[in-house]
Structure formats: C-alpha cells, structure tokens
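Down below is the structure, laid out as structure tokens.
Quick note: the coordinates plus some simple rules give every number you see, no bench work behind them. Computed from a prediction, not measured in an experiment: that's the story for all the values here. Reconstructed Cβ throughout: ideal geometry from the backbone, glycine too, with neighbour counts over all protein chains shown.
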Amino acid sequence: MPEIIPFDDQTQQKKGKGFFYKGIEFVHHSDLPYHKTAFKRTTPGQKITILTLVVIALIGLFINWHATLVGIVAFLTIVYFLDLLFNLFLIVRSYTKAPEIKVSEDKLKAIKDNDLPTYTVFCPLYREWNVLPQFIKAMDSLDYPKEKLQVMLLLEENDEKTIEHAKTMHLPQYFQIVIVPHSMPKTKPKALNYGLQKATGEFCVIYDAEDIPDKLQLKKAILAFQNVDKNVICIQAKLNFYNPYQNILTRVFTAEYALWFDLVLTGLQSIKAPIPLGGTSNHFRIKDLFHVKGWDSFNVTEDCDLGMRLAKQGYRTAIIDSQTHEEANSDMKNWFWQRTRWIKGYMQTYLVHMRSPHHFVKNWRDPHVATFQLIVGGKILSMFINPFMWVVTISYFAFRPIVGETIESFYSTPVMYMGVFSLIIGNFLYMYYYMLGCAKREYDDIIKYGFLVPFYWLGMSVAAWAAVYLLIVKPHHWSKTKHGLHLNNKLAIQPI
C-alpha cells in the first residue's frame, strides 16, 4: 500500500486536488505531481548521497584529519571565491547592459482602454486586516479600467477576524472575497493555487496586502509582454520600500533590496539566466500558469521555486522598470523569522531541483546548471561559510602567535591567495555592492549604512541554522510575517 494515496474522483470534486499521507489529508489545489514538490524533503537517492558524503568525511577525518580539513577548507574557499566573482560579473553586466525593460510614456499614452485585456490580481492575506484599507486604496489608484479588473482577496477559512473586517468594508465592485477552505498545507502558494481556479482574467499578478504598486504597472506589463520573446512568460517588477527610514534595520533591508532588484536580478536577466521571482509583482498570462501547473503548495518560497521551474522548462523571466513599494520589516524578531522562512524555502527549492540531475542537465543549457548552483545553492552555503571565515580570520590576527601556524597549515598556496582576496577585497566589494544599489535608487542617506552589512549577514547566518532545524521538524510551516508595523510611524514613510 503506497504511503501517498491520491484523492478519489469524488473526494477531489468535493475538496480539490490532494492526497492522504499517513492518515493526514493534504489539499494543495495543484496539478503539480507531488514528487516534483517540496512535500518530501529529500528522495531516497538524496539521502544516500548525503549519508555517503558524511561517511566519507568521517572516514577521512579518522584516517588523516589534517588532509581532510585541508580539502574541506579548499572547497569552501573556492565556492566563496567563485560566488564573489559571479556577483562582480552580474553587477558589471547590470551597469553596462541596462537589461530591464523600459516602457516609454508615449507607448503608455497610446494604449487604449478598449484594447487592454482583463486582469486578475491575487492578494493572499492572513491575519492582516489592518493593512487592507491601504491595499484597497492602492488598487483603486491603478491606472487600469476597473471593469477589466478582478481583485481577488484570498482569505483563509479560519481567519475569521480578517473575513469579518473585509465583509464590513465597502469594497469596490471589482473586488472579490474568496474563502480558501481550511486544509493542509497552510501556505501562500496553496491559496494562490485555489484562487487560480477562479481567475477570470487573461493576465494576472500577485500582490501582498501591504503592497503599493506603480499606478501604471499593469499597463507596463502588458506592453512588455507584447515586446519580448515568446519564451518570456513572466514579467517581474522591482520591489522597493515605503518606510526605508523607520529604523536602522529598515535602512539595511532597503540596501539589500536595492542591490537584489536593481543590480543582481537585472544582471541575471542580461545573461538569460534563471531568476528567482520576488514574492509579489510577478505578472503572467493565466494560460501559462496553468501550463506550468501553478505554484508548489509545499514550498515556503514558492516564488524562487517557480522561477527555477520556468527556466527548466525553457521559459524566461524579464525584469520591468516598474516598482512596487512594500513594507520593510522594522522588527528584528519579525525579520528573523521571515528570513528563516526564505532560507528554508531556498533549501527546499535546491533539494527539489537537484532530485534528478540527469533531467536537470538535459533541460537546461549547461552554463545555467552552474548558474543555478550559484544563485540558489551558493546563496545558501555562503550563509554558513561566513561565520566560519570570520572566526578563522579573527583568530589568525588576534591570536597569531598561538594559532597562526596551525591555521596556515590548512591552506595551500592558491587557496590562501583566494582566501586573502575574498577577505580583503571580497568583503569590501560586497559592502560596496549594497552602496551601489542605494546610489542607483538615489538613497544617498542610506549608503553609509552599507558598513553595517556584516552584522546583517551574521543575522542571516543565525537564521540559516534555524532554517535547517525547521526544515527537519516543520518543513511546510509558514512563519507568518506581521505587516502594518509602519502604520504607527507615519514619519518613517517616504512619499511615493
């Protein structure tokens, strides 16, 4: 008897797509086969591979611990060095190629409302009724014919308070309240898959409840779709914050987003590499979403996973020069659990897409197999490498008479040069990248906060270890980020 028992036709018709596993019911509302989702953390083959590597390392340490550590240190240093060079390459490409799609004012003025397609806006929200008035205002401000809009509020059945508030608000006619039936997993992508079944638009976009998109973004996305290659099936807008000056955390967070969306993602687009999607403001044709079978309901960073899945099927994502403003996390505890969820989702994504290496290589051009390793795998690994590098470096300079010779013995000459370059030049460059991102977005007052980035990285490294723990004990748990923390701090909000 199989562990996973798909719903029979009668149950599926009543509850939606799903299955039973060890007596527990899962309703994911997606045609994506469960073996291509993050439902299970690893496959038997991956478990054997991981166990084999651990055994080899332990045997190596037993036979010759010093030579084994020399090999491990060399591997980590080389990965760190390659990641540094790759990011430098992306920054240079972003500045020299200007790859994002720009839509001229003339084209925007020329487009007629009658020629615009219908558009569905997905807004999954959970226990955040306090930002709903802001979202209603943001949607009302969109420069798009309202009779062609379907704004879908995806509310969880057990979130009675948000449902109650939403029903008492005077929602515009183009708004639709959709109650997502209570089921496992309780994730944003599960809600999106449920909403996808009820979408009436030709195109769609995902916005979070605290988002304030560019008023012309929908029109820009339509024009962008008309002027890109046929294999581009996703248009990703850039994300920005409307409360960058609320406190120190929001300033550094803003610098991170500026680097990621204005330099890294545009650099990836310039080489036609797979792009991890943002959590919001990604635009699709509805038919294309059905074709790729929607989102992975079990992945807590469904955006990154979908971006990789599109690329593996031969499709591309393009970045558009349009911004959506959202709330920068201003509370350290809130930020920590949000970051933990993101990192856990990246781990899920990496494990899912490395289940069948032969299929992986077969469907992607060879250069982008390596790109995937750096974008997803390297990003995860660097969070674990950073503290190790810092401890070794600090120990070397602070206690050189005691441990200096020992530390030097673990580095061969080429690896030592790479390590020194990464330490001196690399760390400076990484901080400088954050500053460049701020400069590009004209956040001149935030540039100096780039010097605090190492402390930010330390927080991400701690969150990475928490993510490993949660991946083991709560793989599908969605750590809900509290929104609306800016509402009581009006002075921190920057005019849009």
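Using Cα pairs closer than 8 Å and at least 6 residues apart in sequence, work out the relative contact order for the chain, in percent. Relative contact order here is 22 percent.
Angle between the Cα long axis of helix 379-398 and the longest principal axis of the chain, 0 to 90 degrees, nearest 10? With both axes taken from Cα atoms, the answer is about 40 degrees. Calculated FRET efficiency, Lys474 to Gln10, Cβ-Cβ distance, R0 = 35 Å: about 0.65 to the nearest 0.05. Report, as a whole number in µm² per second, the diffusion coefficient that Stokes-Einstein gives for the chain at 10 °C and 1.306 mPa s using the Kirkwood radius over alpha carbon pairs. Roughly 66 µm²/s, to the nearest whole number.
Per Stokes-Einstein, at 20 °C and 1.002 mPa s, what whole-number D in µm² s⁻¹ belongs to the stretch 182-245, with the Kirkwood radius over Cα pairs as the hydrodynamic radius?
Values: Rh = 14.4 Å.
Estimated via Stokes-Einstein, D reaches 149 µm²/s.
What is the sum of charges around Tyr144, taking Lys and Arg as +1, Asp and Glu as -1, for the other residues whose C-beta is under 11 Å from the C-beta of Tyr144? Walk me through the numbers before you get to the answer.
Values: positive: Lys146, Lys148, Lys215, Lys219, Lys220; negative: Asp113, Asp140, Asp143, Glu147.
Combined, the nearby Lys, Arg, Asp and Glu give +1.
Looking only at the chain, where both bridge partners belong to it, what percent of the DSSP beta bridges are antiparallel (to the nearest 5)? Among the beta bridges of the chain, antiparallel pairing accounts for roughly 35 percent. Per 5 Å bin from zero, what fraction in whole % of the C-alpha pairs of the stretch 245-310 is there, up to the bin with the longest pair? Calculated over all Cα pairs of the stretch 245-310, the distribution is 4, 15, 19, 23, 17, 13, 7, 3, 1 percent.
Arranged by the count of other C-beta atoms within 10 angstrom, fewest first, what order do Val473, Val468 take?
Details: Val473 8, Val468 15.
In order of increasing Cβ crowding within 10 Å: Val473, Val468.
The alpha carbons of the stretch 202-320 stretch over 43, 30, 29 Å along the principal axes, in descending order.
Distance between the 7 Å Cα→Cβ label points at Gln313 and Thr49: 2.3 nm. A DSSP coil position with no more than 12 other Cβ atoms inside 10 Å describes none of the chymotrypsin sites (Phe, Trp or Tyr not before Pro) in the stretch 192-259. Between Thr96 and His66, the contour length at 0.36 nm per residue exceeds the alpha carbon distance by 6.3 nm. When the Cα positions of Ser422, Met169, Leu58 are compared along the charge dipole of the chain, Leu58 comes out farthest toward the positive end, with charges on each C-beta of Lys, Arg, Asp and Glu.
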